[in-house]
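Notes follow once the structure below has been shown.
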Amino acid sequence: MRTQILKGLATASVLGAMLVGSGTAQAADVTAKVPFTFAVNKKVLPPGPYSISSTGNTALMITGPTKGALTVSQRLESAGADTPKLVFHRYGSEYILREVWTGGGVGRLLPEPRRERELAATPNGSSTATYERVEIPLL
C-alpha cells in the first residue's frame, strides 16, 4: 500500500512539473530512428522512429508509433557536444537510453535504471560498469 502511494506521489510530481514548466521552458520536438529495442527506466520500446520532447525543467517524453515513455531528466551542458544525438549504453544485446543531446552543447541525462545496475554488476555483486556507448544521430 505504501509503495502504491509513493508511486502515485512521484507520478503526480512529474505531471505537476510538466504542467508548471510547459508555459516557460517547452523545447521543440526532436526525432530519431532507433534501429534496436531499448529501455527507458522500466519500459522496453521497440525499434522505430521516436519523437523526444522536453517539457519543463525535468520531464522528458519519448513517443514512438506504438509505445512511449515518460521520465525525469537532468540538464547537461558540454562545449564538445554540438551534434544532436541519442546516447545508449549497450550491455550485450540490451540497450538503455541514457542521454539526449539536442545540439549547441545542451542535453538531458536520464536516470540510471535498476536494470542497468543489474547488467553492470559482476557475480560477486561489485559494479564493473562495462558497457559500450552507442550514439544515434537525431533527424
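No value in this document is a laboratory result; all are computed from the given coordinates. It should be emphasised that the depicted structure is a prediction, and the values quoted were computed from it without experimental measurement. Neighbour counts run over all protein chains shown; Cβ positions are idealised from the backbone, glycine included.
Computed quantities for the displayed model
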{"quantity": "Distance between modelled label sites at R115 and L139, nm, 7 Å Cα→Cβ extension", "calculated": "2.3"}
{"quantity": "Test item: Cα-centred dipole of region 57-106, Lys/Arg +1 and Asp/Glu -1 on Cβ, debye", "calculated": "140"}
{"quantity": "Theoretical gain in end-to-end length, V44 to D82 [0.36 nm per residue, Cα-Cα removed]", "calculated": "10.9 nm"}
{"quantity": "Dimensions in Å of region 34-139 - Rg and Dmax from alpha carbons", "calculated": "13.7, 42"}
{"quantity": "Order by protection proxy (mean Cβ within 10 Å, highest first), peptides 106-116, 48-58", "calculated": "48-58, 106-116"}
{"quantity": "Amide H within-cut-off set for A39, under 5 Å, with H built and near neighbours excluded", "calculated": "L45, Y95, I96, L97"}
{"quantity": "Computed over region 56-139: relative contact order in percent, which uses C-alpha pairs under 8 Å that are six or more apart", "calculated": "28"}
